[in-house]
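The values are calculated or read from the model by the stated rules, or taken from the named source; none is laboratory data. In this text, all values refer to a predicted model and were calculated from it rather than measured experimentally. Cβ placement follows ideal geometry from the backbone for every residue including glycine, while neighbour counts extend to all protein chains displayed.
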Amino acid sequence: MGKKKSRTSQTSTGTVGRSNQYASKAKRREYNQSVERANNQLAAFYRGRNVVLTVENPNKNETNKRYIRVNARDVWSGGGKEKKR
């Protein structure tokens, strides 16, 4: 059996230690549109990592998918090491 409730009327709001959600989202949006992110992706591509890029969907009939994720090997030529299979 589980423990009985120790509190009768006071309940926690559960917000201890949370950072500002709006600030976190704003920082993430800023980074995703920055040149620094593109540089990090390019550096990872040259190191042979599996980089995935977000590009506009070339198929305009798929209106529910404005952007799609594609492998950087298909978009960028050269550079990335081919993985042995």
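Out of everything in the range 9-33 that is of a type in the set (S, T, Y) and surrounded by 10 or more Cβ atoms within 10 Å (Cβ to Cβ), what residue ends up being farthest from W76 (Cα to Cα)?
The extreme case among them is S24.
Quick one: how many residues across the range 16-33 are of a type outside the set (S, T, Y), at pLDDT below 90 and not in a helix (DSSP H, G or I)?
Total satisfying the criteria: 4.
Would you check which residues across the range 34-51 are loosely packed, with under 10 Cβ neighbours inside 10 Å and either at pLDDT below 95 or of a type in the set (S, T, N, Q) (or both) and list them?
Selection gives nothing.
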